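Worksheet: one structure, shown below.
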Amino acid sequence: MFEIAQTETSKRYIKVSGGYLMVLRQGDPLFPYLESLAKKENIKSATFSGYGPANVKFGFSDKSTQEMPAKEFKNIVLVNFNGSMAWDDGNPSMRAYGVAAAENGQIIGGQVLEAIVEGGSFEIRIELMDKKLNRIHDESLKAKIMEIR
Amino acid sequence: MFEIAQTETSKRYIKVSGGYLMVLRQGDPLFPYLESLAKKENIKSATFSGYGPANVKFGFSDKSTQEMPAKEFKNIVLVNFNGSMAWDDGNPSMRAYGVAAAENGQIIGGQVLEAIVEGGSFEIRIELMDKKLNRIHDESLKAKIMEIR
Amino acid sequence: MFEIAQTETSKRYIKVSGGYLMVLRQGDPLFPYLESLAKKENIKSATFSGYGPANVKFGFSDKSTQEMPAKEFKNIVLVNFNGSMAWDDGNPSMRAYGVAAAENGQIIGGQVLEAIVEGGSFEIRIELMDKKLNRIHDESLKAKIMEIR
């Protein structure tokens, strides 16, 4: 859905102790940048956390339907965004949650499905883990789960 | 109150850079697993953070009574759960806070007193600290505090 | 605005794996202690996260006016406080966000402009980054941004 602009040349992350610091800018979509980092840097697995202003699509689980209805919020500030990076059938697999404040003071939270920086910069620290981890479907949980063994 | 089932044999955590990654499953109680990790792995002290679906008992401080009334919420998603592990008279001592989203969009937060995974998996990254730390009663604060010296 | 009391002699932080653990006490202002740490320990840059009871001044961005109106809340619990430390023209530059629970169950969040510990202790883990980073004004964003290159 969101793509990283082909013309984009300025740096979005640097190597720091234990992982990376990503600084995204106005209009940057979070997940494509995180996925791109995972692939370019051959990340085995990682956790991440950050904050900043964004337009966000949150997912809210609905047990009655087993679906995840989504809701979009514009011009909110993700005051905490955290999650993990693993792999799913060779592709980066992100799981992320967040809590955000709207301009009117309303607080919103849930699983973060999409997010685009809106109004300044968004900082994310990525902390590497030294194990290659996959998210696999678990039949008993009826959900994808990080495989540890 | 909550116990780890004796029959449970599948792995719940692995060693990763700087600490551990814990992946809990449907029905797993968070604190007993964290306490068990602290004891089994002889953890000196640590901080941790994670997220996932859970039934949670939150504590809310009430200054007028110096008590902490608790409230339970079912089928919520802890979008951020963070805290620290130390020791109190030889036993693991956890202090943890969280913020959660309910299915109806309501946001809840406070000290996390109990939590059980409900509806999938819960990921927690534990980051070790290389100092043995105790929580001790501080008379002037009338509270337990992490002792640093 | 807030100052660290000259008479204060007890320790507020210790060195731990990858950075520092700060334990603040009743009446301690968060940012002066973080800034003091940055200067005394010659920190290049860092991220931090923590929690605890506090009086907090939150900022809420208002795009229509390009201003950040602030609101103070007393006796709330910051259930997550996270941010980064960099430098701005030789001075420590902090950017921090938080989400808090009030005694009546209300949840509040936003950029944290000021905070003073109120009612016990506040724990903050500071995780160092091995790059000296500056926050510089970016004309196209009309905002200060962490400079990475």
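Just a few scattered comments:
- Residue within the range A:133-144 that is part of a loop (DSSP other than H, G, I, E, B) and modelled with pLDDT of 95 or more present: yes
- Count of residues meeting criterion [among the β-branched types (V, I, T) and either under 15 Å from B:G19 (Cβ atoms) or facing chain C (nearest Cβ under 8 Å) (or both)] in the range B:125-139: 1
- The range A:23-54, residues that are away from every other protein chain (no Cβ under 14 Å) and not in a helix (DSSP H, G or I): A:P29, A:E41, A:N42
- All of (1) under 24 Å from A:M22 (Cβ atoms); (2) at pLDDT 95 or above hold for C:G59 with one exception: (2).
- Hits in the range B:88-109 - residues which are assigned to a loop (DSSP other than H, G, I, E, B) and among the aliphatic types (A, V, I, L, M): B:A102
- Boolean, C:G120 is farther than 20 Å from B:S49 by Cα and within 14 Å of chain B (Cβ to nearest Cβ): yes
- Some residue of the range B:104-111 being under 15 Å from the mean Cα position of the chain (by Cα) and more than 8 Å from chain C (Cβ to nearest Cβ): no
- Out of B:K57, B:K132, B:K39, sole residue that is touching an Asp or Glu at 6+ places or on another chain (Cβ under 9 Å) and either crowded, with 24+ Cβ neighbours inside 10 Å or at negative phi (or both): B:K57
- Candidate set: the range C:10-32, residues that are free of Cβ contacts under 8 Å to residues at least 60 places away in the same chain, of a type outside the set (A, V, I, L, M) and under 23 Å from B:K132 (Cα atoms); chosen: the one surrounded by the fewest Cβ atoms within 10 Å (Cβ to Cβ): C:S10
Table: residues versus (1) over 22 Å from C:G109 (Cα atoms); (2) without any contact (Cβ under 8 Å) to a residue 24 or more places away in the chain.
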position	(1), (2)
A:P69	yes, yes
A:Y97	no, yes
A:I107	no, yes
A:E118	no, no
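- Given (1) within 27 Å of B:K15 (Cα to Cα); (2) assigned to a helix (DSSP H, G or I), number of the condition A:G83 does not satisfy: (2)
Condition check ((1) facing chain C (nearest Cβ under 9 Å); (2) surrounded by fewer than 22 Cβ atoms within 10 Å (Cβ to Cβ); (3) among the charged types (D, E, K, R)) across all residues:
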| position | (1), (2), (3) |
| --- | --- |
| B:P69 | no, yes, no |
| B:S84 | yes, no, no |
| B:D88 | no, yes, yes |
| B:G98 | yes, no, no |
| B:A101 | no, no, no |
| B:L113 | no, yes, no |
| B:I116 | no, yes, no |
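The values are calculated or read from the model by the stated rules, or taken from the named source; none is laboratory data. From a predicted model like this one, the values you see are computed outputs, not experimental measurements. As a convention, Cβ positions derive from the backbone with ideal geometry for all residues, glycine included, and neighbour counts pool all protein chains shown.
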